1. Please work out which residue is nearest to the chain's Cα centre (by Cα), limiting yourself to the range 38-70 and to residues that are among the basic types (K, R) and more than 22 Å from K81 (Cβ to Cβ).
2. Take the residues in the range 17-34 that are aromatic (F, W, Y) and not in a helix (DSSP H, G or I), then tell me which one is nearest to the chain's Cα centre (by Cα).
3. Between residues in the range 76-102 that are under 30 Å from E38 (Cβ atoms) and residues that are of a type in the set (A, V, I, L, M, F, W, C), which pairs lie under 7 Å by C-beta distance while being six or more apart or on different chains?
4. Quick check on my filter: what residues within the range 42-67 are within 22 Å of K77 (Cβ to Cβ), among the hydrophobic types (A, V, I, L, M, F, W, C) and not in a helix (DSSP H, G or I)?
5. When you go through (1) on the phi > 0 side of the Ramachandran plot; (2) part of a helix (DSSP H, G or I) one by one for F39, which number turns out not to apply?
6. Among H40, H15, H10, which is the only one that is of a type outside the set (D, E, K, R), modelled with pLDDT of 85 or more and in contact with an Asp or Glu (Cβ under 7 Å, 6 or more places away or on another chain)?
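The values are calculated or read from the model by the stated rules, or taken from the named source; none is laboratory data. Source: prediction; values computed, not measured. All Cβ positions, glycine included, derive from the backbone under ideal geometry; neighbour counts span all protein chains shown.
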Amino acid sequence: GYLYFRLFNHAFMYHPYHWTPIGFFKDIENWSIEDIKEFHSIYYQPKNAILLVSGDIESKEVFELSKQHFEKIKNTKTIPKIHTKEPKQDGVKRIYLHKNSD
């Protein structure tokens, strides 16, 4: 929860770990439908997807069914490269948290 978010928010400045997976409330409440559609068209496409199949399966059948169901879905946009290189941390970082407990 809160401690995890604060730790990653301070440990990473550029890497996606800096942000929570679902976003910040202030950002989310300001999104328009167009913003959401644009995000979806960029990130929800075959080249950014993973299909996981487990259990007692026949791999040939899985590949055939995958091709049958997913081959027609086309990639729509270029996915932006993620900046993951962090600046050198050459000193101590401290985070002080003051929060009421139950």
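1. So, considering only residues that are among the basic types (K, R) and more than 22 Å from K81 (Cβ to Cβ), the one nearest to the chain's Cα centre (by Cα) is K67.
2. Only one residue fits best here, namely W19.
3. Listed by first residue and then by second, the contacts come to K77/I42; I79/I42; E86/F12; E86/M13; P87/M13.
4. Across the range 42-67, the qualifying residues are A49, I50, L51.
5. For F39, the failing item is (1).
6. Values: H40 fails: in contact with an Asp or Glu (Cβ under 7 Å, 6 or more places away or on another chain); H10 fails: in contact with an Asp or Glu (Cβ under 7 Å, 6 or more places away or on another chain).
Answer to the selection: H15.
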